[in-house]
1. Assuming Phe154 fulfils every condition listed in (1) outside any strand (DSSP E or B); (2) closer than 27 Å to Tyr262 by Cα apart from one, which condition is it?
2. When only residues in segment 398-422 that are small (Gly, Ala, Ser) and open to solvent by 10 Å² or more (accessible area, probe 1.4 Å) count, which is farthest from Leu486 (Cα to Cα)?
3. For Thr33, which of the numbered conditions (1) in contact with a Lys or Arg (Cβ under 8 Å, 6 or more places away or on another chain); (2) modelled with pLDDT under 95; (3) open to solvent by 70 Å² or more (accessible area, probe 1.4 Å) fails to hold?
4. Please pick out the residue among Lys15, Lys5, Lys105 that is surrounded by fewer than 23 Cβ atoms within 10 Å (Cβ to Cβ), without any contact (Cβ under 8 Å) to a residue 12 or more places away in the chain and within 30 Å of Phe191 (Cα to Cα).
5. Which pairs do you get when a residue that is without any contact (Cβ under 8 Å) to a residue 60 or more places away in the chain, found in segment 382-410, comes within reach of a residue that is open to solvent by 40 Å² or more (accessible area, probe 1.4 Å) and part of a helix (DSSP H, G or I), reach meaning Cβ atoms under 6 angstrom, with the pair 6+ apart or on two chains?
6. If the requirement is being free of Cβ contacts under 8 Å to residues at least 24 places away in the same chain, exposed (fewer than 15 other Cβ atoms within 10 Å of the Cβ) and touching a Ser or Thr at 6+ places or on another chain (Cβ under 9 Å), which of these qualifies: Glu330, Glu369, Glu345?
7. Can you tell me which residues in segment 65-97 are over 14 Å from Ser54 (Cα atoms) and open to solvent by 10 Å² or more (accessible area, probe 1.4 Å)?
8. The conditions are (1) more than 20 Å from Arg420 (Cβ to Cβ); (2) outside any helix (DSSP H, G or I); (3) not acidic (Asp, Glu), and Thr3 fails exactly one of them. Which is it?
Amino acid sequence: ERTGKVLGEFCRCYKEQFGVALFNSVRYEIEGTGGPQAQLLHRKVPLEDHVIYSGNIFQYIEENKKWRNRFCVVPHNYGLVLYENKLAYERELPPRVLVNSAGYKILTSVEQYLELVNNSLPGVTPKSGHSPMLKCPTDFPLILWHPYARHYYFCVMTGKEQDKWRAVFQDCVRHCNNGISEDSKVEAPAFTAAIRMYRQCKEQYGTWDMLCGNETQVLSNLVMEELLPELRSTIGPRLKGKAPERQRAWIQVSDAVYRMVYELAKAQYDAAVARCEQERPQLESTIRTDMDQIITSKEHLASKIRAFVLPKAEVCVRNHVQPYISSILEALMTPTSQGFAEVREVFFKEVTDMNMNVVNEGGLEKLVEYMEKLSHLAFHPVKMQSCYEKMDQLKLEGLQQRFDVSSTSVFKQRAQIHMRQQMDDAVYTFETLLHQELGKLQGKDDLCKSIQRILERVLKKFDYDSSTVRKKFFREALLQITIPFLLKKLAPTCKGELAKFQELIFEDFASFILVENTYEEVVLQSVMKDIMQAVKEAAVQRKHNLYRDSMVMHNSDPNLHLLGEGLAIDWSEEYSGQPEAERRRRAKQVVSVIQDDEGALPYGAEALLQPGSPEARQPEEAQPGLPPVDAVQEIREALAQESLGVGAAQERLMNGTDTSASPRAGVPAEAEVPHVTAAPPGAQSPSPACHQHGDSETGEHGERSPPQARASTESGEGVQTEF
C-alpha cells in the first residue's frame, strides 16, 4: 500500500518532468551550446569482458553460523559474485550470492557495525557482558552494511589484505552508486528531477545519501525511508528473544520488506516509463514544430516569475549565501585538486617505470606486456586508492549544518568518478598515440624517446582537461549545496504564490513548461553569477593549477579524435608474436586487472584452504549470533596446512579435491596452486605469507566474465537484487 502511494505520486512527477527533459534535450540538440572541447580521448567500452579481481575471502554464513572460504569474482560491471570455490567458478556453476553494492557502506571493525545495528532498532541493545550478534575470528573484518537490505560479513588474515579488499569493495560501491546512466539525455534528467520535486513536496530540500544505484533501487530507498519508521514501531515491540536475536530478526524483516518493495517499485516504474515512451513521438513532433513559440512562452513566464522572486532571492543570497561561497569553494578545491594531482603523478610514474623497464628488459615484446597492464590502470582499485583517499579530507565543518548537507559522500564519490575517468582518458590517449608511432620506430632508443615525448604531450592535455573538469565539478557542487538552501528559505514567501503563474502557460505547451521548474531556474540565476565569479577568481589566481576560462588550448593533434574512433587496441594480438594456438589459449584466461608490482601476484591470494563444510562438521555449541566454537580453529588449521609448502599444496589442490585422503562429501577445496617467484616447482616456501596466486602472470583463469546465472539458494543463502 505504501509503495503504491509513493510510486503514484512519483510517477505523476516523472510524467511532468519527462516532457520538460524531452524539450531541453531537443533544444540542446538544435542550439548545441557545448563547453570547451576535451583534449584527451575517451574510451568507448573501458572494461568489456574483463574481470576487475578474483580471489579467496572468508564469508560468515548466517544460516549455519559458520565462516566459509568463498571464491569472490568482481566482473566489469562491479557486482560481487561469490562462488563455493574456484572450481565452481571455472566449471561455470551458478554462484552462491550476487551482490549489488549500491547504498552499502564498507566497515572494517565489528564495533562500528554493532553501533549501527544498535541504532537501527532503538531500545534493543545487548547488556554488558552478553555476546554481541557478530564475532569475527580474525582482527580484519570487512562488513557490507545497508540501512535496509541484508548485510554481508567477510574477514581476511592480514591488515594488508584487508586494505586491498576494502579498496576493491569501495570501487564496487562507488560504481554501483552511480547507477543512473548519464548517456540517457531524457530519462535520467526526468528521473532525478522527479525525485527532487517529490522530496521537496515533503519539505526535504538537502542532499540525499540514498540517491544511489539504479532507478528501481533509488525508488525502493525512497519508499523505505518513509515505511521503515512505521514498520519499526509496529514490528519492533513484537520481536522475541535476547537483544542479538531481535536485532538479527529485524535485519531479516527489513531485508524481506526491501525486496518486496523493490519488485513492486520496479513494476510500477517500468509501466510509467513505457507510457511516457509511448507518448514520446507525439511530444517530440510538437516540440520540433513549435520550438520558437514554446521558447517565447517560457521566456514570458520566466520574466513574470523573475519580477516576483528575484528581489527576495537576491537579498537571501546576499545575506545567507554570498559570504560563504569562497569558504565552500576552498573546502572543495583543496582535496579535489590534490586527488587530480595524484592521478597525474600515478600516471607519470607508471609510464616512466614502463619506459625504463622496456629499455632494460627487451624492447617491443616487453612493451606489449606492460601496455596490457597500463591500459587498465584507471580500474586498478589499489593503485588508484592514493588518488581516491585525498577526498577523505573533504570537510565542510559548520557549513554542512548551515546548508543542510547531510553528508559529503555525494561530492566525494562524484570527484572520485571524475578522477577515474581522467586517468582512463589519459591512458587511452597515450595508448593511441604510441600505437600510431610504433610502425615508424627503429630500436629501443627510438622507442624510449618516443614514449617520453608522447607522455609529455598527454600530460599537457591532462592538465587542460583536469582544469575544465574540476571547474565544472566545483560549479555543480556549489549549486547542489546552495540551491536547496535557497529554495527552503524562499518557500514560505514564494511557493504559495506560484499557482497564479499557471494561467500564463498555453495549454498546448503545458507538457514542456512547468511553473515549478521555471521558478527553480530563476532562483539558480540569482546565485549563479556569484558562483561563476568565485570559480573564475580561483582560476585567475592559478589556485590549484586551474586555467582561466579565456585560455583555449588549440588542438595540436587535429587527427587525434579520428584515431579515437577506431577499434580498441589489442596489444597481445598485434605485437606479442605468439602462435595462434597460444593466443587462443590466453583468450580464455582471465588476467585479473589487479597486478602486484613487487614480484607478488594478485592480492588476497594467500592460499587459504577451504575449511570443513557445514555437512562435514557440526558446531559443538552455537550461541545465537556467534560463530561456532570451531570456526577460529578451522581458520588456524587452514593457515597451518598452508605453511606445508608449495609442493604439498600442489598435491592437495591439484584438481580442486583433496588427493591425500579419502574425499569427504561436501568438502570443496580451492583449485588454486600457490606460485612463488623464481622458485622451482615443489620448492618449500619459508612462510605462508610467501604463497602467492599465479592468476595474473601464469594466466590460470579463463578470460571471461562470470556467468550471469541466478545464485543457488542452497544453504539458505539469498540473492541480492540483480545488477
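1. Among (1) outside any strand (DSSP E or B); (2) closer than 27 Å to Tyr262 by Cα, the lone unmet condition for Phe154 is (1).
2. Step one: of segment 398-422, the residues small (Gly, Ala, Ser) are 398, 406-407, 409, 415.
The next check asks that each one be open to solvent by 10 Å² or more (accessible area, probe 1.4 Å); those that pass are 398, 406-407, 409.
Numbers: Gly398: 17, Ser406: 16, Ser407: 18, Ser409: 21 Å.
Result: Ser409.
3. Against the list (1) in contact with a Lys or Arg (Cβ under 8 Å, 6 or more places away or on another chain); (2) modelled with pLDDT under 95; (3) open to solvent by 70 Å² or more (accessible area, probe 1.4 Å), Thr33 comes up short only on (1).
4. Details: Lys15 fails: without any contact (Cβ under 8 Å) to a residue 12 or more places away in the chain; Lys105 fails: without any contact (Cβ under 8 Å) to a residue 12 or more places away in the chain.
So the residue among Lys15, Lys5, Lys105 that is surrounded by fewer than 23 Cβ atoms within 10 Å (Cβ to Cβ), without any contact (Cβ under 8 Å) to a residue 12 or more places away in the chain and within 30 Å of Phe191 (Cα to Cα) is Lys5.
5. Filtered contacts from segment 382-410: Ser386/Glu342; Cys387/Glu342; Lys390/Gln338; Lys390/Glu342; Met391/Lys412.
6. Values: Glu330 fails: touching a Ser or Thr at 6+ places or on another chain (Cβ under 9 Å); Glu369 fails: exposed (fewer than 15 other Cβ atoms within 10 Å of the Cβ).
Residue meeting the stated conditions: Glu345.
7. Our first condition is that a residue be over 14 Å from Ser54 (Cα atoms); within segment 65-97, this holds for 65-68, 91-94, 96-97.
Matches in segment 65-97: Lys65, Arg91, Glu92, Leu93, Pro94, Arg96.
8. Of the numbered conditions (1) more than 20 Å from Arg420 (Cβ to Cβ); (2) outside any helix (DSSP H, G or I); (3) not acidic (Asp, Glu), the odd one out for Thr3 is (2).
The values are calculated or read from the model by the stated rules, or taken from the named source; none is laboratory data. Because the structure is a prediction, the values reported are computed rather than measured. Glycine also receives a Cβ, built like all others from the backbone with ideal geometry; neighbour counts cover every protein chain displayed. Accessible surface areas use protein heavy atoms only, side chains included; no ligands, DNA or RNA. Shrake-Rupley method; radii C 1.70, N 1.55, O 1.52, S 1.80 Å.
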